[in-house]
Structure formats: structure tokens, C-alpha cells
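Presented below is the structure to which this report refers.
The values are calculated or read from the model by the stated rules, or taken from the named source; none is laboratory data. Just so it is clear, the structure is predicted and the values come from calculations on it, not from any experiment. Glycine also receives a Cβ, built like all others from the backbone with ideal geometry; neighbour counts cover every protein chain displayed. Ligands, DNA and RNA are excluded from the accessible area calculation, which covers all protein heavy atoms including side chains. Shrake-Rupley method; radii C 1.70, N 1.55, O 1.52, S 1.80 Å.
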Amino acid sequence: MTLRLYNTLTRRIEPFEPLHPGRVALYTCGPTVYNYAHIGNFRTFLFEDLLHRWLQASGYDVFHIMNLTDVDDKTIGHATAAGKSLRQYVEPYIEAFHEDRKYLRIEDASVYPRATDHIPAMVGLVEKLLSQGIAYRGEDGSVYFSIARFPAYGRLSQLENRELKAGASERVSTDEYSKEDVRDFALWKAPGPSDETVGAVWDAPFGRGRPGWHLECSAMALHLIRERWGVEVLDIHAGGVDLIFPHHEDEIAQSCAFTGREEFARVWMHGEFLKTGGEKMSKRFGNITTPRDLREDGVDAGAIRLLMFQVHYRQQFDLTDQGLQSAQEGSRRLGEFQNRLLERRAAADAPAFEEAAERLDRELTGALDDDLNAPRAVAAMFAFVTAGNAALDAGQQAGPRAAAAWERAEGVLGVTSQVRVMKVTQRAEAGAAQEIAELSPTPPSDALEAERWAREWALRRARHKSARNYAEADRIRTLLGGHGFHIRDSKDGSIEVVRTGVAR
RNA sequence: GGCGCCGUAGCCAAGUGGUAAGGCAGAGGUCUGCAAAACCUCCACCCCCGGUUCGAAUCCGGGCGGCGCCUCCA
């Protein structure tokens, strides 16, 4: 069984074969840092994280480039409005992006190049296209790519069988007159007034200006993979479906014209949208949710990843409260099991675990090798949980084999919530007994203090319970439950206080 | 208008020719002072019509419904 991936270029699932055995050059389109990225953007980054992790788990040396777009109409527009330089304006959002991706357990890419750090590479690319006559200077001082001189244009988006909607875009207007063909796109843009103010202008032999949208990806990708491995074709290029046209189409055109090769990337992968209320989540529609919002609500990232990975990446799906709750519950169950499995790990595996582990390994590999079928991979984890819990209930022991299989699956998917369990034993009561004083019915805001608070209450409940004062014991249980601390009595008389979700 | 995707249980969602994975919710049971956790059991003929086939959720044609791209939007 080998890895098979859906390639947008051929519209088929095909066996994945990197250009050079054992290593993969992966480029993924990152965020435009003019604002906080929303969870829809992160759906794509999460899909790319899964790709990244699975390639690594499959033994590949992965060179993963994720760009940060820090110069475009939006960043310039917002910087202007804020009265800041481009660099100043963008900085906090870059930081926020990294915070968010760490929260969502998205592993580090190899490099995060910023567009404005690679202007020379872009200038070099434009110069070459100009000298080849594939690019030309318009009357407005911008440099355009001539589609007429690049016959292969349109393969990715199957443009040859398309018609543009009649009179569709009014935006063609502004620069239309200086372009030879409406479909030509800007490689380099003549500076506008605010470009100068925010410092988004660079000198170039063909005139002062700033890079067009698509240029950065080609220039940085080609520059970085040449530097790293001396190659000029990517193995995989990934992004959201909305980038297929024109962004990726244009990247292919300028890159291939530049390198003289037929391919810019061998495999093109695109993740589908996240919707809310039946519509694409987008800042334009104002229907966004950000990772920060979810973190505020105490949602464990494992639940978000589970939610995303329960749907195939090429399928649209709607984010709903019910869906999120359902994922939180499932992710919690995985967390409970993980605790059980790793705590009671024995020196050897019972046959039931040998078998379940073998099955999990096999099913995980089969699922992810099949165009990253994460829903099936997740299902395999749940099957392991059910079998594992049953075996544990029956007194069978889980050993290194079971732990390894679990860790491999969780290591790739990362869908498990942290479930913190505090054991409160009656013996500890001695120390607490003297402070019978008042105990607030609401927890302190500090997470650690809150835990201590919950423990206190749990001890009180234990006393009431041994005195058979069940009414009071139940009242305390309800009280704690209302603040996210769940009480569990176990047979040996000890009490567990269980906490799920992230501390705020 | 062009190109493309989707329609499977109360909700979400795999499966793409051989008789319906998984999650959540729900019902019953084991355990428990009661709970919780966990386990066991139960819960679908796959939007409609027609066709191909020994056999279709899966292929073809036609409907109906939803979404996306054609807009520097992941």
C-alpha cells in the first residue's frame, strides 16, 4: 500500500511519487496577515498539517514552506488606515497567526518566508520574463504577464472549457486599458500613493513598485527549493480551492515560463471550504469564528481537529454548535481512554491489545494512504477505544504495543482532548478538615486556584457522603459540574475530579 | 451564462458495482446510594424518475434541491 493523492491537475487520485525518492518539497499558501485568520482559513491549514504529518510519518524528509503574505491591497489598506508602516502593522498578526496555529497543534513548517523579505528574488523573476518577452510593461508602469505568449495557460482550472461570465467583473476596469489581454495579470504593480506612505514600494530595473499577488509564491518557492535541494519543481503545492483560479493558475504560468519546465508542482491539492449557515465562511460575509473565540470558550484543540478530520478535506461542511459539541464529546472520550491506556500500561500486551493495535496500525495507514481519508482514520481510533475499554474492563493489560499504536495515530491526527483527573482521597481530609470556614460557591479566576477550590469542595462532599448526607453531597456535585469539574466516585472510595477543555 | 462539487439514520459523516464504517444524540441493560465514566444491545434499504447489470447508495440519462469558482477570498 502506498500513498495516493488527489491531484487537481489531473482530477484523479494517483500514486504519489516524489521527484527524488525519500524527500518531499511541499509548498502551502499561508495567511495574508492583515487580520486574525478565521477557523475556515485554518481548516485549510489543518488539512495541510495532516498532509505534512502523514508524509513525515511515512518516512519522507519533508521541506515544508508556508508563506506569509504581508504585502497586498489589504495589508496596505489597513496599514494606511491605521497610520502605520506596513511592517509595523503586520507584525502583531504574524504573531497571532503563530499563536493560533500552536493552539491548534499545527506543526511548524520548515520555513515561513515573508513576501517582503524576498523582493530580490521576485525582481529577478520579473526581469527574466521581461527579457524573454513573456512579460511586458503597460502604459501605467506596471508589468504584466502575457497569457497569449504562454499557450499552456489554464490547465489547472480547465480554463479551456470555460467561458467567463459575460461582463462579469467590473474590476477588469481599472487596469484593463493598459493590458494587452483582459486575462493578463500583474507581476509588478506601479506604486499608488498609499504604497509610498506605508513603505510598500521597492526599486527595480523596470520601475519602482510592488509585487503582484501571485509573484511571491513562485519566487519564494523556486528560490527556497533551489537553495535547499537544487531543484526547481515542487512535489506538492496545496491551498484552498478558491486559489485554483486565478492564483495557482498564474503561479504555474510565471513559474514555468521562468524555469522553462513543464511543471511548477507535480501534485496540486486543494482543501474545501468551511461554511457557516450554509455559506462559505468569509470575512466578506462577516460570518467568521476565529480560533481565539473557540479558545475563549474553553474548547480543546483536539475537539476542533476531530471536527475537521471527521469530514474529508475535499468536502465542504458546515460549522454548527451541535457539530462542535459533538466533537467535544468525542474528543473527550478519546482523552479519557488515553489516560486509562497510558496510566495502566503493563510490560506486555494481552492478546486483545495485540490484535487491536495491529488493526489500528493497518486501518490508519490504509485510510490516510487513500488520499488522506481522515474520517476513516478517526473511525479506526474509535474502534480501538471501544475494544480497548472493553478489554481493560475485562482486566486485560495494555502494553507497549497498544501504546505505540495509539501514539502513532494520535501523533498524526492530534484529535484527543486533554482530560485532567485529580484524585482526591479521604486521607487528605485531615489537612483540610480545619478550614471548615466558608468556601465560595464560585471558583477563582486563576486556573490553578480554581483547581484547589474544586478539590476543597470535593473533600467536603466526601465527608457528607460518608455521613450519608446524600442531599448535600449531590448539591456539591451539581455545583462543581456547573463549573466544569465533574465528580466521579470510584469503588475504592476515592473521588476523581475531572476537568475537560482548556483553562482560560 | 461557463466550469465544478454535493444530496446516506434526529444531527454530522465514511463508503463509489456484491448487499450500509465511525462520531454525537436517543432507548434498554450492567455497574452505582443516586450519578458519572466505561461496556453490552437496539436504532437507515442511501433526494425523485427512468436505464444498464445476475446484482447499484455506488455506473448512465433526466429531474428537484444545496454549495463553490469565474472577484488579490483558505
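The figures follow:
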item	result
In the range A:14-85, chymotrypsin sites (Phe, Trp or Tyr not before Pro) in a DSSP loop with at most 13 other beta-carbon atoms within 10 Å	none
Whole-percent carbon and sulfur share, accessible surface of the range A:321-417, 1.4 Å	48 percent
Residues in the range A:54-71 reached by a label modelled at A:ASP117 [backbone nitrogen below 20 Å; 7 Å Cα→Cβ]	A:62-71
Inter-label distance for A:SER85 and A:ARG105, nm, one decimal - labels placed 7 Å from Cα along Cα-to-Cβ	4.0 nm
Rg over Rh [alpha-carbon atoms, Kirkwood Rh] for the range A:1-117	1.05
Where N is the number of residues in chain A, Cα Rg divided by 2.2 N^0.38 Å	1.18
Efficiency of FRET from Cβ geometry, A:PHE382 and A:ASP242, R₀ 35 Å, rounded to 0.05	0.60
Carbon plus sulfur fraction of accessible area for the range A:420-500, probe 1.4 Å, in percent	52 percent
Solvent-accessible heavy-atom area per residue, rounded to whole Å², over the range A:420-500 at 1.4 Å	60 Å²
Computed E for A:ASN373/A:ARG228 - FRET, C-beta separation, R0 41 angstrom, nearest 0.05	0.85
Flagged links, alpha-carbon separation over 32 Å, of A:LYS102/A:LYS465; A:LYS102/A:LYS283; A:LYS128/A:LYS283; A:LYS74/A:LYS102	A:LYS102/A:LYS465; A:LYS128/A:LYS283
Net charge of Cβ neighbours under 9 Å - reference A:ARG314; Lys, Arg +1; Asp, Glu -1	-2
Accessible area in square angstrom per residue, the range A:321-417, 1.4 angstrom probe	42 Å²
Low-density loop cleavage sites - GluC sites (Glu not before Pro) in the range A:75-161, where at most 15 other Cβ are within 10 Å (DSSP)	A:GLU107, A:GLU139
Value of [θ]222 nm, deg cm²/dmol, for chain A, DSSP H segments ≥ 4, -39500 (n - 2.57) each, nearest 500	-14500 deg cm²/dmol
Highest average packing first - A:368-379, A:232-243, A:321-332, Cβ atoms within 10 Å	A:232-243, A:368-379, A:321-332
Between the range A:241-293 and the range A:116-139, the Cα center-to-center distance that results, in Å	23 Å
